[in-house]
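Trainee: This is the structure I want to talk about, given as structure tokens.
The values are calculated or read from the model by the stated rules, or taken from the named source; none is laboratory data. Remember, it's a predicted structure, so these values are computed and weren't measured experimentally. Please note: Cβ atoms are built from the backbone with ideal geometry, for glycine as well, and neighbour counts cover all protein chains shown. Heads up: the accessible areas ignore ligands, DNA and RNA and are worked out on the full protein's heavy atoms, side chains in. Shrake-Rupley method; radii C 1.70, N 1.55, O 1.52, S 1.80 Å.
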Amino acid sequence: MKTLFANWKMNPQSEPEAVKLARAEDLKNAVIIPPFPFLGPVKKILKQAPLGAQNVFYEEKGAYTGEVSPAMLKKLGVRYVIIGHSERRRLGEDDAMIAKKVSAATAAGLIVILCVGEPAGIYKKGNRATELFIRKQLRFLKNKKNLIVAYEPIWAIGTGKNAHPEDAARVAQLIKSIISVPVLYGGSTNSKNAKSFLEKKEISGLLVGGASLDAKEFLRMIKIAERF
Ligand code: PEP
């Protein structure tokens, strides 16, 4: 059974909506990843799905306004954390910061979903350029403990343009050859294309953005993931 990771991003807009969505998506092959303020209330109602967070800081405590430590997440019952999502890289997170976050979070016992993926300009240059780009993003990794990598081509996130499943499987295999961890695909997945990714042996699950906000659509995807 493969797993779907529901990255709600900065949605929904209220706690009652978040709790309602979490109740609908609370299945054992789903991981629910709400915004920080909803982690506690969502955790309270989850019976099957583990909880994830969308970001974490690398220090344990101190004068870091606006940041949240790995231990704080652990205390809330968070098991997974996304690090290096392209939407955070776009806000200024670089590989050096991402490396520090990965090592602090994994050391604290959180399972990290490290996001990598090439921008459109690199994709257009071809497979070799994409390969070099991904290799560079993974260069800092030393330890595979508590690590999952999500391959998310930036041009495919929230655009309705998904990668070719063969390309996603090839990049997943490349990632596995660099560090042998489970690899997810993310980028405009939905119930129509989920099977084409999930049937690839190199792909262990999907990181789902937009479609995870629609409980009915997400449940259709969950049913497909159960078959693999
Ligand atoms: C994501 O944000 O990780 C993502 C894959 O989004 P979407 O499914 O909306 O493309």
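Trainee: Taking 18 Å as the cut-off for C-alpha to C-alpha distance, list the pairs among Lys28/Lys223; Lys144/Lys223; Lys101/Lys145 that go past it.
Mentor: Working: Lys28/Lys223 11 Å; Lys144/Lys223 29 Å; Lys101/Lys145 14 Å.
Check vs 18 Å cut-off fails for Lys144/Lys223.
Trainee: Let me ask something additional. Grab the beta carbon distance between Arg23 and Lys192, set R0 = 30 Å, and tell me the FRET efficiency rounded to 0.05.
Mentor: Values: r = 25 Å, r/R0 = 0.84.
The formula returns an efficiency of 0.75 here.
Trainee: Mind checking the range 19-72 for GluC sites (Glu not before Pro) that DSSP puts in a loop (not H, G, I, E or B) and that have at most 14 other Cβ atoms within 10 Å?
Mentor: Hits after loop and neighbour filter: Glu59, Glu60, Glu67.
Trainee: Moving on to the next point. So for the chain, averaging the separation of alpha carbon pairs under 8 Å that are six or more residues apart and normalising by length, what relative contact order in percent results? Mind dumping the intermediate values first?
Mentor: Values: 445 pairs, mean separation 47.0, N = 228.
Reported as a whole number, the value is 21 percent.
Trainee: Which of the aspartates and glutamates could a cross-linker span from Lys201 if the Cα-Cα distance has to be under 20 Å and same-chain partners fewer than 8 positions apart are dropped?
Mentor: Glu131, Glu152, Glu166, Asp167, Glu226
Trainee: Along the charge dipole of the chain, which of Gly77, Ile98, Val181 sits closest to the positive end, that is, farthest toward it, with unit charges on the beta carbon of Lys, Arg, Asp and Glu (+1, +1, -1, -1)?
Mentor: Value computed over the given set: Val181.
Trainee: Related question: What FRET efficiency do you get for Ser177 and Lys9 if R0 is 22 Å and r is their Cβ-Cβ distance, rounded to the nearest 0.05? Write down the numbers at each step before the final one.
Mentor: On the way: r = 31 Å, r/R0 = 1.39.
Efficiency, rounded to the nearest 0.05: 0.10.
Trainee: A further question on this structure: The range 3-225: percent of C-alpha pairs farther apart than 23 Å? Mind showing how you got there, number by number?
Mentor: Working: 10726 of 24753 pairs.
For the range 3-225, the fraction of Cα-Cα distances above 23 Å is 43 percent.
Trainee: Accessible area per residue for the chain in Å², computed with a 1.4 Å probe and the full protein assembly in place, what is it?
Mentor: Numbers: 11070 Å² over 228 residues.
Per-residue accessible area for the chain comes out at 49 Å².
Trainee: If we count every other residue with Cβ under 14 angstrom of Ile98's Cβ, Lys/Arg +1 and Asp/Glu -1, where does the sum land? Write down the numbers at each step before the final one.
Mentor: On the way: positive: Arg88, Arg89, Arg90, Lys100, Lys101, Lys136, Arg139, Lys142; negative: Glu87, Glu93, Asp94, Asp95, Glu152.
Net of charged neighbours comes to +3.
Trainee: What trypsin sites (Lys or Arg not before Pro) in the range 140-224 are in a loop by DSSP, with at most 16 other Cβ atoms within 10 Å of the Cβ?
Mentor: Working: sites: Lys142, Lys144, Lys145, Lys161, Arg170, Lys176, Lys192, Lys195, Lys200, Lys201, Lys216, Arg220, Lys223; in loops: Lys142, Lys144, Lys145, Lys161, Lys192, Lys200, Lys201.
Taking the range 140-224 and a limit of 16 other Cβ atoms within 10 Å, the loop trypsin sites (Lys or Arg not before Pro) found are Lys142, Lys144, Lys145, Lys161, Lys192, Lys201.
Trainee: Give a quick list of GluC sites (Glu not before Pro) in the range 135-228 that DSSP marks as loop, anything other than H, G, I, E or B, with at most 15 other Cβ atoms within 10 Å. Kindly include the intermediate steps, with their values, before the conclusion.
Mentor: Details: sites: Glu166, Glu199, Glu202, Glu217, Glu226; in loops: Glu199, Glu202.
In loop regions of the range 135-228 (DSSP not H, G, I, E or B), the sparsely surrounded GluC sites (Glu not before Pro) are Glu199.
Trainee: Give me the percent of the accessible area of the chain that comes from carbon and sulfur atoms, probe 1.4 Å, all protein chains in place. Write out the running numbers ahead of the final one.
Mentor: Working: 5950 of 11070 Å².
Carbon and sulfur: 54 percent of the exposed surface of the chain.
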